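The structure under discussion appears below in the form of structure tokens.
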Amino acid sequence: MVLAPTARVPFTLYETMDIPDHRETLTAEELIQASAHLAETNSRQRRMLVTRLVKSLLEYSVVLEDAPSQQSAVAHLCQTLQAMAESVANADDATFAAMLLEAAILLLKLDALGARRTPLLPH
């Protein structure tokens, strides 16, 4: 059985991507999905993605508190993204997509790092 590709509806950040707007963070999967639909986003939506990415990265500060150099690197990246949010949001589609995909890879690595640091059984 061959499935026909589904028709794409016009992209809106929260409807098509299924990113709940009440959440303040993003997952790697959501970043990857967003990188595929950039032509239909405006700079305001892109700034929102950057802001939510920064909040997602800041959540890892707790996981990395016993690794100060890694925690400091994530904090520095967050500060840089916040300071450059407007420039990043106004980047061309290819550049913004690359940034989202790199951020998705970073979130996946931080998830894996967090999983290794979290004990499986309570003490």
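The values are calculated or read from the model by the stated rules, or taken from the named source; none is laboratory data. Note that the coordinates shown come from a computational prediction; the quantities given were computed from them, not determined experimentally. Backbone-built Cβ (ideal geometry, glycine too); neighbour counts: all protein chains shown. Side chains included, ligands, DNA and RNA excluded: accessible areas come from the protein's heavy atoms. Shrake-Rupley method; radii C 1.70, N 1.55, O 1.52, S 1.80 Å.
Values as computed for the structure displayed
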quantity	calculated
Ordering of 40-49, 90-99 by packing [mean C-beta count within 10 Å, highest first]	40-49, 90-99
For Ser87, solvent-accessible area (1.4 Å; no DNA, RNA or ligand), Å²	80 Å²
Accessible heavy-atom area order of Val54, Val62, highest first, probe of 1.4 Å	Val62, Val54
Label-reachable residues, region 33-57, where backbone N falls under 12 Å from a point 7 Å from Asp93's Cα toward its Cβ	35-42
